Amino acid sequence: MNERRVRSIGQSSDAGYALIATMMLLALLASLYTAYFTVTHTELALVKASKDSQSGFNAAEAGLNLRGEEIRSIFEDYGKPDGVSPDGIIGCDAGQLGEGDYRCQTYSFSNGQNAVTYVSEDQQNPYSIVIPQGEAFQGLNALEYRYTATSVGRNLTGSNEAILELTFLSRLVPLFQFAIFFEEDLEFFNGASMTVDGHVHTNGDMYIGTQSGGTTNYTGQVTVASNLYRGQKSQASCSGYQGTARISDVASNTNPNFITLPSCSASRFEINDVSNWNENVMLGVEPVDVPRPEDMDSFSDGDYWQRADIRLVLRLDGDGAPVLDNSPTGIEVVGTDGLIDTAATAALHDMSCSGQIDEGGVNYSVGNRGPSDPQKLRLFREYQSNSILNGYEVTLEVDLQNLLNCMYQHPEILAGKTLDDDTEDGLVFYFALDGPESGASHNNYGVRIRNGAELQSSLSGAPLVKGLTVVSDQKIIVWGDYNSIGWVPAALMGDTLWLLSNDWNDSDSEQLSVYQRDGNATQVYAAVISGMRRTGNANGEAGQNFGANSNGGGVINIFRFNEWFREGTSIPDFTYVGSLVSLGPPRHSTSTWGPFTYYSAPNRNWSYEVRFNDPDLLPPMTPTFVYLRQELFVRDYELY
């Protein structure tokens, strides 16, 4: 009996222990489930928060990009943002939206997110800076404008999920601070030694095809948007173009450290590795936005026509003859609307304004030439391409120094301005031809400038010209020395640029043999803008390998010659000091570089005008390009 009771008590104790263990296990499982549920719920909440945050970030970033692009496009169109910023996002939410380009603007997206944005401007704008070393265009002066765009990403309920800011810089860089600047493909194939002192840039490809026996040296930074080649563009073979090319690995005119590029021994090849040059050579640089040639058109809303101090127009009838109804030369002083200024035109032709230009029995400071004149001009490169008007030019003739004399005697010609006017940092003259062929893709219209060695009036008491820019949408022909006496900041901007030496005489136009058109030493000190014909009529690979006769002439032919530059056995110098810029192909001169029977080249004694490194010594209305740079991209965690 006692034994059975003991056994029963033991069995009851075991069952109790099992029950307790089971209850503890159930409690543990419940605890684990609760913990799992809590963790899962927390993770789901975190995932949702992370997803919402990422969606908000994406919305804010999209709004930032859209707003930044709006500001960018304003600069790319050569404008400048303007307006009033709101008082942060608080102002946007309160309906105080600001004004103009800086105002609050909301972008909505398909996922229900939206972004509220605004722009603020640095109150110290603009900053005059020197672009830092190691960047593209290092060492150049620029006007820098600084802006910050703010974007807040919000969800469907209007809650803020991300706040982003983008600070970006817009730099306006003068084109005439480059030794050479090309909007399109840039080609070198000099024969003798040529040293390029200063920055070189192309928005296209660059071809270095130095002729055998020659050397091309670059002392400044070289920046290329596309590809860098050794060899010519017009033909793949290096035969005859196996000369030396060297680029310094430091930007220094006085102490360059030249490193020789690989030689072109057989066929043209591309250079991809420029690490040896310590960023003094940069490939794949973002192309910069430059003015268009159309911005310099006559009778337009372009700045050069609108802001010029004087606009002289040679009026031509349907047959291309001068219209003499309003002046004895056919040349009129006109307003921005193209209508004649009668009083100024009469003053321009006053008998006291005599010059070198013969018009009948009177000499004027301006005049015209055409195919029927006893004195007439033939440019043989144009003549070989197209014998329109028997190859003779129709030209607006300008005796530049005597024109300045006339303006001093008759201030009404400059609308009351004086010769030392500095509204545009100097004077801007626009010369145009208004005739049936003005807009033709190839015409024989041009502006010829003579007596320009000293860009000052020769009259006692006349104020000093501070700078002079001459603009035309037709060809500009420089006859003799230009700005070589008493240098002032000067520029020549035309469809194409031509040089006639000091030895030129219009009777040479009748000398069909190149050997009879002797050229002598001549000097030009001015920045130039000129159209350059595309080799192969196309940029990049599409223009390659069409043969020697497809050659556009390269940078060494930015000035077009017309004479035989030989003096016995010696070759005279064409001394040029300035900045060479091409914004595209010519629009009114389609003549090709070859065949080569109309000139022999002078020694090109060319160099960059270092005085242009001083922003105060740039020519009037120097064009700029827009260089945009992102400086800071941050995520804010405090809204107000």
Burial-style ranking of 218-224, 88-94, average other-beta-carbon count within 10 Å with highest first, yields 218-224, 88-94
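When you count, for each residue, the other Cβ atoms within 10 Å and take the mean per peptide, how do 438-451, 558-571 rank with the highest first?
Numbers: 438-451: 21.1, 558-571: 17.6.
With the highest mean Cβ count within 10 Å placed first, the list reads 438-451, 558-571.
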When I247, I310 are ranked with the fewest other C-beta atoms within 10 Å first, the list becomes I310, I247
Rounded to whole angstrom, the alpha-carbon centroid of segment 413-458 lies from that of segment 235-261 at a distance of 38 Å
A correct Stokes-Einstein calculation for segment 294-406, using the alpha-carbon Kirkwood radius, 37 °C and 0.692 mPa s, returns a whole-number D in µm² s⁻¹ of 217 µm²/s
In vacuo Debye sum over C-alpha of the chain, base-10 log of normalised intensity I(q)/I(0) at q = 0.07 Å⁻¹, listed in q order, is -0.56
So, relative contact order of segment 178-283 in percent, Cα under 8 Å, 6 or more apart, is 25 percent
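Note down the magnitude of the dipole of segment 293-608 about its Cα centre, charges +1 on Lys and Arg C-beta and -1 on Asp and Glu C-beta and zero elsewhere, to the nearest 20 debye. Don't skip to the end; give the middle numbers.
Numbers: 19 positive and 41 negative charges, 218 e Å.
Dipole size: approximately 1040 debye.
Sum -39500 (n - 2.57) across every DSSP H segment of at least 4 residues in the chain, then divide by the residue count to get the 222 nm mean residue ellipticity, nearest 500.
Values: 6 runs with 109 residues, N = 640.
Helix contribution divided over all residues of the chain: -6000 deg cm²/dmol.
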When S550, S579 are arranged by how many other beta-carbons sit within 10 Å of their Cβ, fewest first, they go S550, S579
For segment 504-552 (alpha-carbon point model, no solvent) the Debye-based log₁₀ I(q)/I(0) at q = 0.20, 0.22, 0.24 Å⁻¹ works out to -0.84, -0.83, -0.84
Over all Cα pairs of segment 178-283, the Kirkwood radius sets Rh, and Rg/Rh then becomes 0.93
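So what is the relative contact order of segment 293-608, in percent, for Cα pairs below 8 Å that sit 6 or more residues apart? List each step's numbers first, then the result.
Details: 777 pairs, mean separation 47.4, N = 316.
Worked out over segment 293-608, it gives 15 percent.
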By Cβ neighbour count within 10 Å, fewest first, S372, S298, S120 rank S372, S120, S298
If one compares the long axis through the Cα atoms of helix 400-409 with the longest principal axis of the Cα atoms of the chain, the angle in degrees, nearest 10, works out at 90 degrees
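Pairwise over distinct Cα atoms, reciprocal of the mean inverse distance: report the Kirkwood radius of segment 293-608 in Å, one decimal place.
Evaluated on segment 293-608, it is 19.8 Å.
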Shape descriptor, segment 253-346: equivalent ellipsoid semi-axes (Cα gyration tensor, sqrt 5λ, whole Å, largest first) stand at 52, 17, 14
So, relative contact order of the chain in percent, Cα under 8 Å, 6 or more apart, is 13 percent
So the number of lysine pairs in the chain with alpha-carbon atoms under 29 angstrom apart, 8 or more residues apart or on different chains, is 7
With +1 at each Lys and Arg Cβ and -1 at each Asp and Glu Cβ, the charge dipole magnitude of segment 178-283 around its Cα centre, to the nearest 20 debye, comes out at 340 debye
To the nearest 20 debye, the chain has a Cα-centred charge dipole, built from +1 on Lys and Arg Cβ and -1 on Asp and Glu Cβ, of 2500 debye
Two pseudo-spin positions, 7 Å from Cα along C-beta at E412 and at S212, lie apart in nanometres by 6.7 nm
Helix 2-76: inclination vs the chain longest Cα principal axis, degrees, rounded to 10, gives 10 degrees
Of every Cα-Cα pair in segment 437-476, the percentage lying beyond 15 Å is 57 percent
note: segment 75-149, Cα-Cα separations exceeding 14 Å make up a percent value of 69 percent
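Just so you know, all these numbers are worked out from the coordinates, no wet-lab data involved. In this text the structure is predicted, and so the values were computed from the model without any measurement. Glycine also receives a Cβ, built like all others from the backbone with ideal geometry; neighbour counts cover every protein chain displayed.
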